[in-house]
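The values are calculated or read from the model by the stated rules, or taken from the named source; none is laboratory data. Please read these numbers as outputs of a predicted model, since none were measured by experiment. Glycine also receives a Cβ, built like all others from the backbone with ideal geometry; neighbour counts cover every protein chain displayed.
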Ligand SMILES: [Zn+2]
């Protein structure tokens with residue numbers, strides 16, 4: 001059966017590779033990779049408490065809370081690149097904030113920030129991190145906010161998890177004011193590391209990643225909703241050494257552990273840039 005690209009709509013996506021019993025297709029027109037989960041795929045169940053702290057569980061994280069320091073440093077730097085709030089009371093929406101570290105950092109930077117989180121388990125952990133009114137529970141593809149009510153929207157390593165990217169980006173465009181900014185990060189399937197790693201690329205993380213975007217695919221997706229790309233570059237992030245070991249274990253050995261690894265120095269974080277994660281800044285055009 002011919003499958004059209006869910007991002008650029010071009011017909012005839014072809015199989016690229018198979019991993020964990022899942023066939024990932026590739027769009028010849030925009031280069032984006034994707035797979036389409038069946039009707040039994042339930043994100044609400046996938047992103048339960050075990051996703052964030054389940055060392056014995058292949059999906060997700062051994063211990064997401066242990067990443068707090070590294071994630072906060074990364075989010076603070078990404079928010080710095082997005083720019084200051086610009087005016088008192090400027091509003092920022094963070095989609096898929098997990099434990100809310102990016103919302104907390106945005107508030108520290110002077111934004112009036114709120115996160116919209118699908119996972120009830122994560123939102124419960126985020127509430128004390130962000131402070132009052134910092135977290136709403138809901139689906140990014142149906143954001144419960146008024147048109148034009150945000151100055152900035154951020155999606156940090158979230159877009160690849162969303163089954164309906166056009167619905168999500170349409171919501172981003174709807175809630176942004178004209179001239180408002182979108183900042184997002186996602187894996188770059190066209191990067192050298194992704195291409196040479198093949199099916200062992202560390203961002204072919206299944207089943208949570210549904211899309212493997214190319215820069216061209218991102219440009220087309222955003223343009224379809226009046227979001228003009230103003231910057232695209234590969235930036236690094238900080239990761240604790242323990243987490244890097246966890247990722248290597250999962251992507252190279254395909255193994256889970258019984259409990260989070262603990263060893264001296266595991267909590268120290270390092271800057272890492274494999275040039276395979278792209279940061280995109282876009283501006284909402286006037287209607
Ligand atoms: Zn495409």
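Brief remarks on what is shown
- Candidate set: segment 1-22, residues that are away from the ligand (no atom under 16 Å from the Cβ) and over 20 Å from residue 159 (Cα atoms); chosen: the one surrounded by the most Cβ atoms within 10 Å (Cβ to Cβ): 19
- Taking the criterion of being buried (at least 23 other Cβ atoms within 10 Å of the Cβ) and not in a loop (DSSP other than H, G, I, E, B), the residues of segment 72-103 that qualify are 74, 75, 79, 92, 93, 94, 95, 101, 102, 103.
- Elements of type strands (runs of 3 or more DSSP E) contained in segment 118-226, each with 2 or more residues being on the phi < 0 side of the Ramachandran plot and surrounded by 20 or more Cβ atoms within 10 Å (Cβ to Cβ): 150-156, 176-187
- Pairs with Cβ under 6 Å, 6+ apart, first in segment 1-16 and in contact (Cβ under 8 Å) with a residue 24 or more places away in the chain and closer than 11 Å to residue 28 by Cα, second assigned to a loop (DSSP other than H, G, I, E, B) and near the ligand (Cβ under 8 Å from one of its atoms): 5/13; 5/27; 8/29; 8/30
- Among residues of segment 227-271, those that are assigned to a helix (DSSP H, G or I) and either at positive phi or modelled with pLDDT of 75 or more (or both), counted: 9
- Test: residue in segment 42-50 that is surrounded by 14 or more Cβ atoms within 10 Å (Cβ to Cβ) and part of a loop (DSSP other than H, G, I, E, B): yes
- Scope segment 230-252; condition surrounded by fewer than 16 Cβ atoms within 10 Å (Cβ to Cβ), touching a helix residue (DSSP H, G or I) at 6+ places or on another chain (Cβ under 8 Å) and closer than 30 Å to residue 285 by Cβ; matching residues: 232, 235
- Which listed residue is in a helix (DSSP H, G or I) and either within 16 Å of the ligand (Cβ to nearest atom) or within 17 Å of the chain's Cα centre (by Cα) (or both), from 25, 67: 67
- Verdict on residue 140 being touching a residue at least 40 places away in the same chain (Cβ under 8 Å) and touching a strand residue (DSSP E or B) at 6+ places or on another chain (Cβ under 7 Å): yes
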